[in-house]
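J.: Please see the structure below; I have some questions.
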């Protein structure tokens, strides 16, 4: 039996995590959902686990979203990763492109999250 698919939600805002979890659970009700409040917490919670999708805030205390995405990419080369941020400066968008991760601008909206998940999971 295959390991259950897993999505990681990382944001230092409890409200943002709650919204992301709601949107993800609606689309992927049978997936394991791991929630983390920052990069260090995310790395600790995902250690030894499978990762298919990660939704990562950019501005967090400690490890930035870009640095976390780099670490996740090293450990989970096939995971779909999206950087979620209100900071839409070109250099951040370019960093995401170089890493091969998606960029989703805040505010967090169900349509944006659904579009990303549907695209990476081939959900019509």
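Rundown of residues vs (1) under 18 Å from residue 117 (Cβ atoms); (2) crowded, with 18+ Cβ neighbours inside 10 Å, yes/no style:
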position	(1), (2)
47	no, no
69	yes, yes
78	yes, no
107	yes, no
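J.: Let me ask something else. Can you give me the number of residues within segment 58-76 that are in contact with a helix residue (DSSP H, G or I) (Cβ under 7 Å, 6 or more places away or on another chain) and either closer than 14 Å to residue 100 by Cα or at pLDDT 95 or above (or both)?
T.: 7
J.: Quick one: would you say residue 99 is at pLDDT 95 or above and either on the phi > 0 side of the Ramachandran plot or in contact with a strand residue (DSSP E or B) (Cβ under 9 Å, 6 or more places away or on another chain) (or both)?
T.: no
J.: Continuing with this model, one more query. Being in a helix (DSSP H, G or I), without any contact (Cβ under 8 Å) to a residue 40 or more places away in the chain and in contact with a strand residue (DSSP E or B) (Cβ under 9 Å, 6 or more places away or on another chain) is the filter here, so list the residues in segment 49-74 that pass it.
T.: Passing the criteria: 66, 69, 73.
J.: Looking only at segment 1-33, which residues are surrounded by fewer than 18 Cβ atoms within 10 Å (Cβ to Cβ), in contact (Cβ under 8 Å) with a residue 24 or more places away in the chain and within 21 Å of residue 63 (Cβ to Cβ)?
T.: Listed by number, the residues that qualify are 12, 13, 33.
J.: When segment 1-32 is examined, which residues are found to be closer than 11 Å to residue 53 by Cβ and part of a loop (DSSP other than H, G, I, E, B)?
T.: Matches in segment 1-32: 5, 28, 31.
The values are calculated or read from the model by the stated rules, or taken from the named source; none is laboratory data. The model shown is predicted, which means the values in this text are computed figures rather than measured ones. Reconstructed Cβ throughout: ideal geometry from the backbone, glycine too, with neighbour counts over all protein chains shown.
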